[in-house]
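The structure under discussion appears below in the form of structure tokens.
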Amino acid sequence: TEARRKDGSRKYVSLNARAVRDESGRTLYFEGTVQDVTQQKLVSEQMKAQRDLALMLARTDRLEEGLATILQAAVIVSGMESGGILLKNRETGGFDLVSSIGITKTFQDKIRYAPAEGFVWSVLVERKAFHTRTSRDMTPVASDEGFKSISVLPICEGNEVTGCLVMASKKMIDFPEEVLVGLEFLAAGSGNSISRMRARDRLEQEMLVRRETEEALEAERQN
């Protein structure tokens, strides 16, 4: 069953109990054990989420739909309730927020762009992930929004960092190894799918422009 700690974080426990009765069958008390099975539960959820994500992305061609699917899987894997995906802007070299879940419009505006040479950019170009408790010194924007835990993970296509997955929670999150590995695996496995969907979107846009151009030329010829 699911239990909640005082700080609001989730725990999963396995309960094993029995009633102790007297000679007349009257219940005297209960005894048993409570075992924390959170990590086992998380591993099971991660495996299912990663499997489902792979299947759904294989059937998805639309970038917007694919990004939403990735974020929903990341929420399950991480236990965090909020997140966003930023993709590399080829013109500026920075990263633009293109999809989010569970964050306010005000906060979206604050993290809409991660500039080149900034802190997030410097971490991502080295293909590193970081997971930390927020603080006014290191993560002032997230801290001001009330987030207590944050994870930033690179999304790669081949050897190039093409984006990043940012997850955040207003609860204090422990970062067991299984969760970190699951999140990093999810981010790493999303790169090629995102690239494929972006290519499909560009192709459709080019076809639309070409069709509109042809229609305009035909109208001019008719005139």
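The values are calculated or read from the model by the stated rules, or taken from the named source; none is laboratory data. Worth saying up front: this structure is predicted, and the values here are computed from it rather than measured. Counting neighbours? That spans all protein chains shown, and the Cβs are built from the backbone with ideal geometry, glycine included. Heads up: the accessible areas ignore ligands, DNA and RNA and are worked out on the full protein's heavy atoms, side chains in. Shrake-Rupley method; radii C 1.70, N 1.55, O 1.52, S 1.80 Å.
In the list I173, I194, which residue meets the criterion of being open to solvent by less than 100 Å² (accessible area, probe 1.4 Å), part of a helix (DSSP H, G or I) and in contact (Cβ under 8 Å) with a residue 12 or more places away in the chain? Steps first, please.
Values: I173 fails: part of a helix (DSSP H, G or I).
Step by step, each of I173, I194 is checked, and only I194 is open to solvent by less than 100 Å² (accessible area, probe 1.4 Å), part of a helix (DSSP H, G or I) and in contact (Cβ under 8 Å) with a residue 12 or more places away in the chain.
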* **Qualifying positions in the stretch 79-102 - small (G, A, S), under 27 Å from M172 (Cα atoms), open to solvent by 10 Å² or more (accessible area, probe 1.4 Å) and out of contact with any Ser or Thr (no Cβ under 6 Å at 6 or more places or on another chain)** => G79, S99, S100
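Can you find a residue in the stretch 123-142 that is touching a residue at least 60 places away in the same chain (Cβ under 8 Å) and over 27 Å from T104 (Cα atoms)? Lay out the reasoning, then the answer.
Narrowing the stretch 123-142 to residues touching a residue at least 60 places away in the same chain (Cβ under 8 Å): none.
Within the stretch 123-142, none of the residues are touching a residue at least 60 places away in the same chain (Cβ under 8 Å) and over 27 Å from T104 (Cα atoms).
Would a scan of the stretch 19-26 turn up a residue that is open to solvent by 30 Å² or more (accessible area, probe 1.4 Å) and either of a type in the set (A, V, I, L, M) or under 24 Å from A3 (Cβ atoms) (or both)? Even if it seems obvious, please write down each step before you answer.
So in the stretch 19-26, the residues open to solvent by 30 Å² or more (accessible area, probe 1.4 Å) come out as 21-26.
Going one step further and asking which of them are either of a type in the set (A, V, I, L, M) or under 24 Å from A3 (Cβ atoms) (or both), we end up with none.
No, there is no match, as no residue in the stretch 19-26 is open to solvent by 30 Å² or more (accessible area, probe 1.4 Å) and either of a type in the set (A, V, I, L, M) or under 24 Å from A3 (Cβ atoms) (or both).
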* Give the residues of the stretch 199-214 that are among the basic types (K, R) and either on the phi > 0 side of the Ramachandran plot or under 33 Å from the mean Cα position of the chain (by Cα) (or both), sorted by residue number. => R200, R202
* To do: Return a yes/no flag: does the stretch 90-107 have any residue that is under 27 Å from E145 (Cβ atoms), in contact (Cβ under 8 Å) with a residue 60 or more places away in the chain and not aliphatic (A, V, I, L, M).
  => yes
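Take the residues of the stretch 114-169 that are of a type in the set (G, A, S), touching a strand residue (DSSP E or B) at 6+ places or on another chain (Cβ under 6 Å) and open to solvent by less than 30 Å² (accessible area, probe 1.4 Å): which is modelled with the lowest pLDDT?
Filtering the stretch 114-169 for residues of a type in the set (G, A, S) gives 114, 116, 118, 122, 129, 135, 142-143, 146, 149, 151, 158, 163, 168-169.
So of that shortlist, the ones also touching a strand residue (DSSP E or B) at 6+ places or on another chain (Cβ under 6 Å) come out as 114, 129, 142, 149, 151, 163, 168-169.
Going one step further and asking which of them are open to solvent by less than 30 Å² (accessible area, probe 1.4 Å), we end up with 114, 142, 149, 151, 163, 168-169.
Values: A114: 83, A142: 86, S149: 88, S151: 88, G163: 88, A168: 90, S169: 90.
Ranking the qualifying residues of the stretch 114-169, first place goes to A114.
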